[in-house]
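> Structure incoming, see below.
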Ligand SMILES: NC(=O)c1ccc[n+]([C@@H]2O[C@H](COP(=O)([O-])OP(=O)(O)OC[C@H]3O[C@@H](n4cnc5c(N)ncnc54)[C@H](O)[C@@H]3O)[C@@H](O)[C@H]2O)c1
Ligand SMILES: [Zn+2]
């Protein structure tokens with residue numbers, strides 16, 4: 001078993017990574033909380049169908065009483081209305097401030113359940129059992145919880161750290177292929193900003209196999225954990241480094257009809273643009289950029305922007321992004337593979353040009 005400790009004073013917790021952890025969830029949760037505690041499992045319909053039973057029976061064996069609360073799969077479930085309904089359902093199921101929330105699902109469930117845990121009876125402990133790569137290497141660690149507003153994504157939320165995160169690589173076997181591949185965008189991002197040596201480990205993976213080494217997941221989680229420890233609430237520029245590829249990526253994600261591009265796919269395009277800007281404005285060696293692009297290609301992530309997506313629309317979405325402060329953007333660039341910096345001097349015009357260059361085939365990308 002791999003253990004990554006997230007050190008945040010009295011909010012510290014462990015992330016455990018091992019095959020088969022789902023069916024041992026009960027005993028690991030029992031080890032850190034006095035019994036009897038009631039547990040509200042929050043999941044989505046797809047994940048609950050695959051893995052709900054295994055979790056519920058593991059909790060039962062460990063002596064917990066649990067109730068299952070299911071939302072439809074998909075981003076639309078991350079709403080304030082659903083958070084309210086879940087709180088009401090939990091009250092009716094007999095939960096109170098001594099209860100605990102367990103999130104079983106991808107980032108949508110983790111963010112929603114974490115937010116419910118943050119506000120239910122003014123806050124109850126919660127455990128994350130992430131079931132996608134995105135949630136295993138990224139969203140389940142760090143304590144950002146929340147829901148979407150009609151006006152934009154993740155605009156309503158709270159920092160609420162989990163008390164335990166259980167990462168079971170075997171859970172990924174049921175993940176659809178496209179969602180599996182998109183998750184590698186965040187792993188490649190971690191390597192790009194903090195761990196150039198991990199680029200080689202990612203290159204050695206067979207994208208068709210579902211056997212991700214627990215050590216590779218743990219290494220990704222440790223990168224996220226160290227950054228969160230240094231800047232828990234994103235008040236310094238350190239946590240902002242995790243936004244590599246996300247400024248233009250979010251603009252593209254918001255500019256296309258919902259569902260056309262998965263988050264990791266949009267971020268792949270955003271990383272190509274950020275690499276291009278890094279070469280032009282920060283001296284990133286072209287070879288480093290090519291290594292990173294090669295990995296994105298290996299996981300069949302998109303790197304060329306469709307002509308149907310107008311640059312103007314992307315720029316409009318970009319301007320309304322949280323990262324655009326008073327007309328200047330905090331843009332994350334690489335000086336070399338594994339070394340990221342926040343830059344404040346890139347202009348909207350620089351970004352527009354980079355978006356335009358995303359339409360060129362990869363072979364001419366740096367011309
Ligand atoms: N809090 C953070 O720091 C943070 C960081 C990154 C992303 N996020 C959020 O995470 C969300 C995206 O998360 P996601 O990419 O995990 O998507 P998701 O939670 O929507 O899951 C993707 C799809 O895969 C299905 N699924 C999940 N696990 C499965 C499994 N093991 N087997 C079969 N199907 C499975 C889900 O039902 C869903 O349809 C976004 O809302 C984003 O804002 C949050
Ligand atoms: Zn992301």
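> Under a point spin-label approximation (7 Å from Cα along Cα-to-Cβ), what is the residue 9-residue 151 distance to one decimal in nm?
So the label points at residue 9 and residue 151 sit 3.2 nm apart.
> Take peptides 131-137, 42-48 and line them up by average Cβ neighbours within 10 Å, highest first, as a rough protection proxy.
On the way: 131-137: 27.4, 42-48: 22.1.
By packing density, highest mean first, the sequence is 131-137, 42-48.
> So if each residue of separation counts as 0.36 nm, and I subtract the Cα-Cα distance between residue 1 and residue 89, what length gain in nm does that give?
Numbers: separation 88, 0.36 × 88 = 31.68 nm, distance 3.53 nm.
Gain on stretching residue 1 to residue 89: 28.2 nm.
> Additional query: Give me the base-10 log of I(q)/I(0) for the range 179-233 at each q in 0.22 Å⁻¹, Debye formula, one uniform scatterer per Cα, rounded to two decimals.
Listed by q, the Debye log ratios stand at -0.86.
> In nm, to one decimal, how far is the modelled label at residue 260 from the one at residue 234, with both set 7 Å along Cα→Cβ?
Taking the two extended label points, one gets 2.5 nm.
> If you average the C-alpha positions of the range 143-178 and of the range 59-97 separately, how far apart do those two centres end up, in angstrom?
15 Å
> Restricting the count to DSSP beta bridges whose residues both fall in the chain, what percent are antiparallel, rounded to a multiple of 5?
Values: 17 of 41 bridges.
Taking every DSSP beta bridge within the chain, about 40 percent pair in antiparallel fashion.
> Can you tell me the length gained on complete extension of the stretch residue 341 to residue 177, counting 0.36 nm per residue apart and subtracting the Cα distance?
Details: separation 164, 0.36 × 164 = 59.04 nm, distance 3.26 nm.
Value of the extension gain: 55.8 nm.
> Right, something else. Mean shadow of the chain, computed from the convex hull of its alpha carbons, in nm²? Write down the numbers at each step before the final one.
On the way: hull surface 67.0 nm².
Taking a quarter of the hull surface, the average projection is 16.7 nm².
> Next up: First measure r as the distance between the Cβ atoms of residue 61 and residue 209, then evaluate 1/(1 + (r/R0)^6) with R0 = 41 Å and state the FRET efficiency to the nearest 0.05. Don't skip to the end; give the middle numbers.
On the way: r = 31 Å, r/R0 = 0.76.
Approximately 0.85, to the nearest 0.05.
> Let me ask something else. Using only the Cα atoms of the range 50-191, build the gyration tensor, take square roots of its eigenvalues as a ≥ b ≥ c, and label the shape rounded, prolate or oblate: rounded if a/c is under 1.5, else prolate if a/b is larger than b/c, else oblate. Mind dumping the intermediate values first?
On the way: a/c = 1.71, a/b = 1.21, b/c = 1.42.
It comes out oblate by the Cα gyration axes.
> Taking square-rooted eigenvalues a ≥ b ≥ c of the alpha carbon gyration tensor, is the range 209-256 rounded, prolate or oblate, where a/c under 1.5 means rounded and, failing that, a/b exceeding b/c means prolate? Could the numbers behind the result be given before it?
Values: a/c = 3.88, a/b = 1.16, b/c = 3.34.
Note, shape of the range 209-256 comes out oblate.
> By its C-alpha gyration tensor, with a ≥ b ≥ c as the square roots of the eigenvalues, how is the range 237-367 shaped: rounded for a/c under 1.5, else prolate for a/b larger than b/c, else oblate? Mind showing how you got there, number by number?
On the way: a/c = 1.43, a/b = 1.04, b/c = 1.38.
Since a/c stays below 1.5, the shape of the range 237-367 is classed as rounded.
> Return a whole-number percent for the relative contact order of the chain, with Cα pairs under 8 Å and 6 or more residues apart as the contact set. Mind showing how you got there, number by number?
Details: 698 pairs, mean separation 54.1, N = 367.
Computed over the chain, the figure is 15 percent.
> Okay, helix-only estimate at 222 nm for the chain: each DSSP H run of n ≥ 4 adds -39500 (n - 2.57), divide by all residues, round to 500 deg cm²/dmol; what do you get?
Result for the chain: -12500 deg cm²/dmol, rounded to the nearest 500.
> Suppose R0 equals 25 Å; then what is the FRET efficiency for residue 349 and residue 290 from their Cβ-Cβ distance, rounded to the nearest 0.05? Each step should come with its number before you reach the end.
Details: r = 26 Å, r/R0 = 1.03.
Between residue 349 and residue 290 the formula returns 0.45.
> Taking Cα atoms, how many degrees apart are the long axis of helix 286-298 and the longest axis of the chain, rounded to 10 and kept between 0 and 90?
Taking the Cα atoms of the chain, the angle to 286-298 is about 50 degrees.
> Any chance you could run the full-extension gain for residue 96 through residue 76? It's 0.36 nm times the residue separation minus the Cα-Cα distance, nm to one decimal. Mind dumping the intermediate values first?
Numbers: separation 20, 0.36 × 20 = 7.20 nm, distance 2.69 nm.
Separation in residues times 0.36 nm, less the Cα-Cα distance, equals 4.5 nm.
> Taking only C-alpha pairs under 8 Å that are 6+ residues apart, what is the relative contact order of the range 66-195 in percent?
Values: 207 pairs, mean separation 29.0, N = 130.
For the range 66-195, the relative contact order is 22 percent.
> Enumerate the whole-percent occupancy of each 5 Å bin, from 0 to the last occupied one, for all C-alpha pair distances of the range 109-201.
The percentages, shortest bin first, are 3, 14, 19, 19, 20, 15, 7, 3, 1, 0.
Any read-out appearing in this document is the output of simple, stated calculations on the displayed coordinates, not a laboratory observation. Bear in mind that the values here come from a model prediction, so they are computed numbers and not experimental data. Counting neighbours? That spans all protein chains shown, and the Cβs are built from the backbone with ideal geometry, glycine included.
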